[in-house]
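Inspection log for the structure reproduced underneath, given as structure tokens.
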Amino acid sequence: MALMTTVIAASLALTAGVGVPSPGEGAVTVAGAFRAADDTGYGAVTYAPGTVPLGSRIRVTERIGEHGTWIELRLEGVKADRTFGAHVHAKPCGADPADAGAHYQDAVDPVQPSVDPVYANPRNEAWLDLTTDAHGHGSSQTSVGWRIRAGEAASVVVHEHATATMAGHAGSAGPRLACLTVPFV
């Protein structure tokens, strides 16, 4: 319970400056069941069915407002009691995990892939790391003081482990396990 209180308090602290915009200010929600990556019409795809099983579910909600962007990620039926990294990525999902491209960055690092903590950090990128419960359900949210530029973000990728923050590894979260294509507003 203490961990849950800490997580809730941290989430509230992150959203305090930006706030959660109301749904009418500009919002999108995309949900789906994970399919094999070799299927056509990439929506929600899994690249690691042992960890993100076929049929497990994902939902991403984005709301934009006067002071920035709020994004929520929900997973259901994935590997239980596990921490995943997750981020907004630049391109849509595809058959290959790399198809989603790099992390979306408000201020773009001129060196890619970006591992410089000046650029690869939760204030400049949308990080959605989460830990699942005993049933494989988990959620996270982030608020940032900027809006995603039109056409420059197209997916949320779930990674193998929590996102690193140290120089030379900042923003890294291991292999890409799953992806959801999202038409960010």
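The values are calculated or read from the model by the stated rules, or taken from the named source; none is laboratory data. Note that the structure is predicted; figures quoted are calculated from it, not measured. Note that we place each Cβ from the backbone using ideal geometry, even for glycine, and neighbour counts take in every protein chain shown. These area figures cover heavy atoms from the full protein model, side chains too; ligands, DNA and RNA do not enter into them. Shrake-Rupley method; radii C 1.70, N 1.55, O 1.52, S 1.80 Å.
When N counts the residues of segment 47-185, how does its alpha-carbon radius of gyration compare numerically with 2.2 N^0.38 Å, as a ratio?
So the Cα radius of gyration is 0.97 times the expected 2.2 N^0.38 Å.
Tell me the accessible surface of Thr165 in square angstrom (1.4 angstrom probe, heavy atoms of protein chains only), to the nearest ten.
90
Roughly speaking, what is the stretch gain from Val108 to Ala167, that is 0.36 nm per residue apart minus the C-alpha to C-alpha distance, in nm to one decimal? Please report the intermediate quantities before stating the final value.
Working: separation 59, 0.36 × 59 = 21.24 nm, distance 1.65 nm.
Extra length available between Val108 and Ala167 comes to 19.6 nm.
If DNA, RNA and ligands are ignored and the probe is 1.4 Å, what is the ranking of Arg63, Arg35 by accessible area, most exposed first? The partial results should precede the final answer.
Details: Arg63 60, Arg35 80 Å².
So, going from the largest accessible area down, we get Arg35, Arg63.
What does the charge count around Tyr104 come to, taking other residues whose C-beta lies under 14 Å from its C-beta (Lys +1, Arg +1, Asp -1, Glu -1)?
Values: positive: Lys91, Arg123, Arg147, Arg149; negative: Glu62, Asp106, Asp109, Glu125, Glu152.
After counting each charged neighbour, the total is -1.
Please calculate the 1.4 Å probe accessible area of Asp81, with all protein chains present, and give it to the nearest 10 Å².
Solvent-accessible area, nearest 10 Å²: 110 Å².
Quick one: which residues, 5+ away or cross-chain, put their amide H under 5 Å from the amide H of Ala178? H built at 1.01 Å from N.
Tyr47, Val158
If you take all C-alpha pairs in segment 106-185, what percent of them are over 19 Å apart? Could the numbers behind the result be given before it?
On the way: 1306 of 3160 pairs.
The proportion of pairs with Cα distances above 19 Å equals 41 percent.
Compute the projected area of the convex hull of the Cα atoms of segment 59-138, averaged over all viewing directions, and report it in nm² to one decimal place.
Reported value for the Cα convex hull: 6.3 nm².
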